[in-house]
Amino acid sequence: MVSITALVACLAAPSLAFAQEAVSDPWEGMNRDLFAVHESVDQAVVEPVARGYRAITPGPVRGGVRNFLRNLRSPIIFANDVLQGEFGRAGTTAARFGVNTTVGIVGVFDPATSMGLERHDEDFGQTLAVWGVPSGPYVFIPLVGPSTVRDASGRIVDFALNPLNWAEGEDADTVRITTGVLGALSAREQLLETVDDIRANSVDPYASIRTSYGLLRQSAIENGRADVQDLPEFDDIPETEDTPPGGGAAVRYLPIEEEIGPTYFTLDYVTGEAS
């Protein structure tokens, strides 16, 4: 999905007009209600826990957690690289996984990047887009974030492609739960300032997120080859008929994959990406 890569990546994206044309939101009323639920849960539970995680965990340790979780995602990225016919990128993904799993001590460190093996992300939603499958309507999923019918369906395949979900053994469930909790904390912690900024400055946070998601998603599908321009200020994003009285200030923002994302700014609770 669009990883937390983080929402800060929205500072460079295609034009607003393009995003408005690209993102179809026929279920906006329902999506805004789900967005409000997401926001309430975030402010009551997720955000305070993420702030506590930051307060008690040193920066280098948090960085190691992010590296470890990103490394776990490598098989998913590799499979989607191959399915998209991006064999050069697949080779880079495989090499990164080998280097970081061994020299990087199961991925806690990232020596592959310093060796020129740059990290990238892929998912099955992107693969479907490369195959020509249309995105379908925009959907907002509480505790997951912005998506589309195509991208949400792609998450199911990515789940199946993750070897960790097929692991068996006495401690397999414990490992899955632990990585899920770490992923949630890491992803939300990365978005603390970004979410604060949107809450404080966006006229309509819901519309800002929807627009940014469309822009980032298109860039991710094109592997960053999309022509980009400065994203308009949040205050410039127009209200719609579903915007509550008082404008966007009446709709509080909650984050979202990261697939972070980044490429993404959805939360990937398995990999810790804040996309």
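The values are calculated or read from the model by the stated rules, or taken from the named source; none is laboratory data. Keep in mind the model is a prediction, meaning the values are calculated, not measured. Cβ coordinates were reconstructed from backbone atoms using ideal geometry, including for glycine residues, and neighbour counts include every protein chain displayed. Surface accessibility is based on the protein's heavy atoms, side chains included, excluding ligands, DNA and RNA. Shrake-Rupley method; radii C 1.70, N 1.55, O 1.52, S 1.80 Å.
Here the condition is being farther than 30 Å from Ser24 by Cβ and modelled with pLDDT of 95 or more; of Glu118, Glu168, it holds for Glu118 alone. Taking the criterion of being open to solvent by 50 Å² or more (accessible area, probe 1.4 Å) and modelled with pLDDT of 90 or more, the residues of the stretch 183-219 that qualify are Glu193, Asp196, Asp197, Arg199, Ala200, Asn201.
When Thr148 is tested against (1) modelled with pLDDT under 95; (2) of a type outside the set (A, V, I, L, M); (3) surrounded by 18 or more Cβ atoms within 10 Å (Cβ to Cβ), only condition (1) is not met. Within the stretch 156-183, the residues that satisfy the criterion of being assigned to a helix (DSSP H, G or I), within 26 Å of Gln126 (Cα to Cα) and not β-branched (Val, Ile, Thr) are Asp158, Phe159, Ala160, Leu161, Pro163, Leu164, Asn165, Trp166, Arg176, Gly180, Leu182, Gly183. Screening Ala50, Ala36 for residues that are open to solvent by less than 20 Å² (accessible area, probe 1.4 Å) and modelled with pLDDT of 95 or more leaves exactly one candidate, Ala50. Candidates in the stretch 84-115 are the residues that are part of a helix (DSSP H, G or I) and among the aromatic types (Phe, Trp, Tyr); of these, the one that is least open to solvent (accessible area, probe 1.4 Å) is Phe97. When Ser135, Ser153, Ser186 are checked against the criterion of being of a type in the set (S, T, N, Q) and in a loop (DSSP other than H, G, I, E, B), a single residue qualifies: Ser135.
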